[in-house]
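Working notes for the structure below.
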Amino acid sequence: MNYFKTTVLLVVLTLLLVWIGGMVGGQHGAMYAFGIALCMNFFSYWFSDKIVLRMYGAQEISESESPAYYKTVKELTEAAGLPMPRMYVIPNQAMNAFATGRNATHAAVAVTQGLLGSLTHEELKGVLGHELSHIKNHDILISTIVATIAGAIMMLSNMARWAALFGGYGGRNEEGGNRGNGFAILFMAILAPIAALLIQMAISRSREYAADKGGALLSKNPQGLANALLKLQQASITRPMEAGQSTAHLFIVSPLSGRSFATLFSTHPPIEERVKRLRAMA
């Protein structure tokens, strides 16, 4: 997917947030939601990386604390022509990783303790190459903005759903008619999160394929990344990670894949297809 299509999808996601505001609060609600979207985009640009890292308890590490991890990232960043990102470890035995930040100069890479302790050197190079490819391809800002707006849509939809169920937007006016269409709001509150999730999927899936290819080229070992993806897929079933739906697309492998319902709307391409493409490169 090219950047024009990604921009269009981001605009649609923002308009979806405005539409929810309009359904709930009329013209004033739409204007309020548009203001929220603008503020969130601004806030996401400057602070979303810190929020996501804190959300998962990521701890910044130095070269002396994890020399192998540091050395591998340094080698790959030099090969990619990127500045050295900040490096984090998530104190979790699940196996996963993500990159975040507003640009290559302010980027961060985070991996779980479980991943560091379970992958071979070549597999780790593949995973880190994948994440650095997200940074090089300018995916990380888009991903964090999508996570923030999608989270807002889901929050507003939940509020609207409960209000519609308990008559918060129904009620009667002076003539005895309904002040709002509770059924329409309820329908919107159920449909909007699904639409937001489908947009997340459309943005995320193509970028995962591109990052896989970039990671394989950076690490010079497509098979290493393919093996790592298979290990991470199995670990997501045996050791699932607690993660929110709005941030699941940030990870190299969906942390929700161990839950049967989440697989229906996965923001990631099938592991089997990703491995097939990587092995074809090898």
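Bear in mind these aren't lab numbers, they're just calculated from the coordinates by the rules spelled out. The shown structure was predicted, so the numbers you read here are calculated from the model rather than taken from an experiment. All Cβ positions, glycine included, derive from the backbone under ideal geometry; neighbour counts span all protein chains shown.
A few points about this structure:
- Burial ordering of R86, R54, R279, fewest other beta-carbon atoms within 10 Å first: R54, R279, R86
- Based on the convex hull around the alpha carbon atoms, the range 84-149 presents an average projected area of 4.5 nm².
- Distance in nm between pseudo-label sites at R279 and I51 (7 Å out along the Cβ direction from Cα): 4.0
- Length gained on full extension, M31 to E60: 6.5 nm, using 0.36 nm per residue less the C-alpha separation.
- Annotation: amide H of T112 within the under-5 Å range of I90, N96, sequence separation 5 or more or interchain, hydrogens built in the peptide plane.
- Partners for K231 among lysines (Cα-Cα distance below 26 Å; same-chain residues under 8 apart left out): K71, K74, K125, K136, K213, K220, K276
- For the range 91-107, 3J(HN,Hα) computed residue by residue from phi via the Karplus equation (6.51, -1.76, 1.60; θ = phi - 60°) reads x, 8, 7, 5, 10, 6, 7, 7, 10, 8, x, 8, 6, 5, 6, 10, 9 Hz, glycine and proline entered as x.
- For the range 34-121, the alpha carbon positions stretch 47, 31, 19 Å along the principal axes, listed from largest to smallest.
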